[in-house]
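As structure tokens, the structure follows; a few thoughts come after it.
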Amino acid sequence: MAQPRNAELGFYALAGQPKSPRDIILELQQAEEIGLGTAFISERYQSKEACTLSGAAGAVTETIRIATACTNHNTRHPMVTAGYALTMHGLTGGRFVLGIGRGIVAMQRAYGIPEITTAQMEDFVALTRRLLAGEGVLGHDGPLGSYPFLKLGPNVVDEVPFLLVAFGPNSLALGGRAFDEVVLHTYFTDETTARAVRTVKDAAEQAGRNRDDVKVWSCFATIGDHIPEELRLMKSVGRMATYLQGYGDLLVRTNGWDTGVLERFRADEMVSGFQGGIDVHATPEQLEHIATLIPDEWLANSATGTPEQCVDAVLGQLGLGCDGVILHGATPSELSPIVDAYRARRATADA
């Protein structure tokens, strides 16, 4: 299997709100052309159902890895998810990574989906590894649920890598002891990123694994100044505001930021009355107002400026201990000059 030129770089397919899920076809082809290593697929049910998108991605690519980042384990029966992973791994010739995460509690409550626990995710990955190894599982009874008998079928032996999208210390530690890859959250400070990497690697070591066996990805907002200003505002202020809408307490607490800023953000008349995600529905004028509510230092944990400045920031994430960097929130065409600059920088360093 051919290897991508920049295996340590990835991107999210269909970032934000694409016009059509079919856009993934051109994006994946462009991603391979510029040499990105992994395409991460997030899930929004109205237009980005993960199984459908990953199948399409596998069909139109040859070298890039395809990872769900993420889906939730409790929206499908364990046999369905295991069969999906097995099928995708075969379709792609071993380029698939199954990624899960805890999800958004408010959405789960609204949909009547049970909230996800750390114990459930750990039970899920252990059970699914057994199924993919060809085992028949009789009488499973654990945090994931009770299942009389599970087996994928005869002649099934596969090792699909597992990925966890992690935020808090419990999830990070779970990633280290039970998963192959961990994706961090966007807009982590340098201190938070370095601490998260240590948490993952230490947990791996405590579980008797090699620290290098678990790959940690920085999810790094990448907003070059070669894209239009209004779009940059949406990708920075809009995205941060949406995070603060959904789980601001967790992000602020994790980064050690001023909770008073979050309180003022939420109390703002425009924000408190806003319907839906700010990164989807806000106008440029609304974003300009919201920008006055978010400190510049909160948005500084990203790759911005010229392609060369973006490369400096990306290399900084690797310097913090991350094994890879997801160039988040940008399409392959938007990333092309940055990846070119990255490749040139690497070539110079290796010369």
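The values are calculated or read from the model by the stated rules, or taken from the named source; none is laboratory data. Just so it is clear, the model here is predicted, and its values are computed rather than measured. Cβ sites come from the backbone with ideal geometry, for glycine too, and all protein chains shown count toward neighbours.
Worth pointing out:
- Within segment 68-183, helices (runs of 4 or more DSSP H) holding 2 or more residues that are among the β-branched types (V, I, T), surrounded by fewer than 17 Cβ atoms within 10 Å (Cβ to Cβ) and at pLDDT 95 or above: 78-91
- Any hit, segment 324-336, residues being of a type in the set (A, V, I, L, M, F, W, C) and closer than 15 Å to T189 by Cα: yes
- Exactly one residue out of E33, E62 is in a loop (DSSP other than H, G, I, E, B) and among the charged types (D, E, K, R): that is E62.
- Residue tally, condition surrounded by fewer than 22 Cβ atoms within 10 Å (Cβ to Cβ) and under 22 Å from Y111 (Cβ atoms), over segment 19-64: 11
- Put simply, of G103, G93 the only residue that is of a type outside the set (A, V, I, L, M, F, W, C) and in contact (Cβ under 8 Å) with a residue 40 or more places away in the chain is G93.
- Considering segment 215-230, and only residues there that are in contact (Cβ under 8 Å) with a residue 60 or more places away in the chain and touching a Pro at 6+ places or on another chain (Cβ under 8 Å), the residue that is nearest to E8 (Cα to Cα) turns out to be G224.
- Selected residue [under 16 Å from the mean Cα position of the chain (by Cα) and aliphatic (A, V, I, L, M)] from A67, A59: A67
- Of the helices (runs of 4 or more DSSP H) lying entirely inside segment 231-334, those containing at least 3 residues that are farther than 15 Å from A221 by Cα and in contact (Cβ under 8 Å) with a residue 12 or more places away in the chain are 239-255, 259-267, 284-291.
- Within segment 196-214, the presence of a residue that is surrounded by fewer than 18 Cβ atoms within 10 Å (Cβ to Cβ), under 18 Å from I104 (Cα atoms) and free of Cβ contacts under 8 Å to residues at least 40 places away in the same chain is excluded.
- Positions within segment 36-53 being touching a helix residue (DSSP H, G or I) at 6+ places or on another chain (Cβ under 7 Å) and either among the basic types (K, R) or not in a helix (DSSP H, G or I) (or both), in sequence order: L36, A39, I41, E43
- One residue stands out among those in segment 236-254 that are among the polar types (S, T, N, Q) and out of contact with any Asp or Glu (no Cβ under 8 Å at 6 or more places or on another chain): the one that is nearest to T199 (Cα to Cα), which is T254.
- If you go through segment 184-207 and keep only what is touching a strand residue (DSSP E or B) at 6+ places or on another chain (Cβ under 7 Å), in a loop (DSSP other than H, G, I, E, B) and of a type in the set (S, T, N, Q), you end up with just T186.
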